[in-house]
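The next block holds one structure in the form of structure tokens; read it before the comments.
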Amino acid sequence: MIYAFAPLREADLPIVRRWLIESHVKRWWDDGVKSPYPDASIEDYREAIQGKDPTYHYLALIDTRPIGMFQHYRIADDPEYASALALGEDAVGIDLFIGEVELIGLGHGPAMVRQFLLDVAFPFHHLDVCVIGPSVHNLPAIRAYEKAGFRALREVRVPGEPDPEFLMRVTRAELHSLQR
């Protein structure tokens with residue numbers, strides 16, 4: 001299997017919308033902050049595609065099949081979020097979902113996260129540290145990120161988010177050491 005990432009385009013928004021209403025995605029992405037869901041999220045993605053937001057969205061592909069969405073951003077580009085995380089270092093942030101329910105739990109997530117960081121997010125931002133903050137209640141995601149190489153930092157309360165984030169960190173060097 002070949003994993004690839006293609007910059008999100010306007011033509012991709014209908015499939016992303018379909019994924020956002022799948023129960024396994026909606027459970028974690030519909031946090032009540034952006035409403036109406038999923039239309040407000042789709043509008044955010046549209047603005048990012050147009051260059052109005054410093055978050056970069058990608059279709060995740062297995063071979064040539066779109067299966068989910070990944071995004072990356074520089075934590076410092078959102079001062080309120082950066083303040084809440086209080087990292088003390090510059091870092092990339094990522095978020096993702098696998099939209100095709102039959103592909104959940106098959107091991108694609110950790111491998112795709114590693115590849116996305118090494119091939120896309122780290123080179124784009126010229127940074128060597130990444131953090132991710134799933135909900136403290138999203139245990140499957142936390143386990144997948146651990147398998148990808150992330151290590152727990154701490155729980156963080158982010159203003160406006162319903163659950164604390166389980167903040168996790170990985171470096172480019174740690175990912176390279178996993179590939180040996």
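The values are calculated or read from the model by the stated rules, or taken from the named source; none is laboratory data. This structure is a prediction, so every number in the text was calculated from the model and none was measured. Virtual Cβ from ideal backbone geometry, glycine too; neighbours counted across all protein chains shown. When the accessible area is computed, the model is the full protein with side chains, heavy atoms only, and any ligands, DNA or RNA have been set aside. Shrake-Rupley method; radii C 1.70, N 1.55, O 1.52, S 1.80 Å.
Pairing each residue of the range 166-180 that is open to solvent by less than 20 Å² (accessible area, probe 1.4 Å) with any residue that is basic (Lys, Arg), provided the two are 6+ apart or on different chains, yields C-beta distances under 9 Å for 167/154; 168/151; 170/114; 170/151; 175/114.
Evaluating residue 170 against the criteria (1) under 19 Å from residue 81 (Cβ atoms); (2) more than 16 Å from the chain's Cα centre (by Cα) leaves one unmet condition, (2). For the range 77-109, taking the residues that are in a loop (DSSP other than H, G, I, E, B) and in contact with a Gly (Cβ under 9 Å, 6 or more places away or on another chain), the one that is surrounded by the most Cβ atoms within 10 Å (Cβ to Cβ) is identified as 99.
Scanning the range 123-180 for residues that are closer than 24 Å to residue 5 by Cβ, among the aliphatic types (A, V, I, L, M) and not in a strand (DSSP E or B) yields a total of 8.
Just one of the listed residues (19, 28) is within 15 Å of the chain's Cα centre (by Cα), of a type in the set (Phe, Trp, Tyr) and open to solvent by 60 Å² or more (accessible area, probe 1.4 Å), namely 28.
In this structure, is residue 3 in contact with a Ser or Thr (Cβ under 8 Å, 6 or more places away or on another chain) and hydroxyl-bearing (Ser, Thr, Tyr)? Spelling it out, it is not the case that residue 3 is in contact with a Ser or Thr (Cβ under 8 Å, 6 or more places away or on another chain) and hydroxyl-bearing (Ser, Thr, Tyr). Inspect the range 69-76 for any residue being assigned to a helix (DSSP H, G or I) and among the small types (Gly, Ala, Ser) and give the result as yes or no. Looking for residues that are assigned to a helix (DSSP H, G or I) and among the small types (Gly, Ala, Ser), one finds at least one in the range 69-76, hence yes. When the residues of the range 117-127 are filtered to those that are crowded, with 17+ Cβ neighbours inside 10 Å and in contact with a helix residue (DSSP H, G or I) (Cβ under 9 Å, 6 or more places away or on another chain), the one that is farthest from residue 64 (Cα to Cα) is 127.
Look at the range 131-158: where a residue is within 14 Å of residue 112 (Cα to Cα) and a partner is open to solvent by less than 10 Å² (accessible area, probe 1.4 Å) and part of a helix (DSSP H, G or I), sitting 6+ places away or on another chain with Cβ atoms under 7 Å, you get 145/113; 148/113; 149/175. Hey, could you check the range 31-61 for residues that are surrounded by 15 or more Cβ atoms within 10 Å (Cβ to Cβ) and of a type in the set (Val, Ile, Thr) and say which is nearest to residue 99 (Cα to Cα)? Per the stated criteria, the residue is 42.
Listed here are the residues, each with its yes/no results for (1) more than 15 Å from the chain's Cα centre (by Cα); (2) under 20 Å from residue 174 (Cβ atoms).
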| site | (1), (2) |
| --- | --- |
| 83 | yes, no |
| 98 | no, no |
| 110 | no, yes |
| 115 | no, yes |
| 126 | yes, yes |
| 131 | no, yes |
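Condition check for residue 11 on (1) out of contact with any helix residue (DSSP H, G or I) (no Cβ under 8 Å at 6 or more places or on another chain); (2) under 29 Å from residue 175 (Cα atoms); (3) in a helix (DSSP H, G or I): one failure, at (2).
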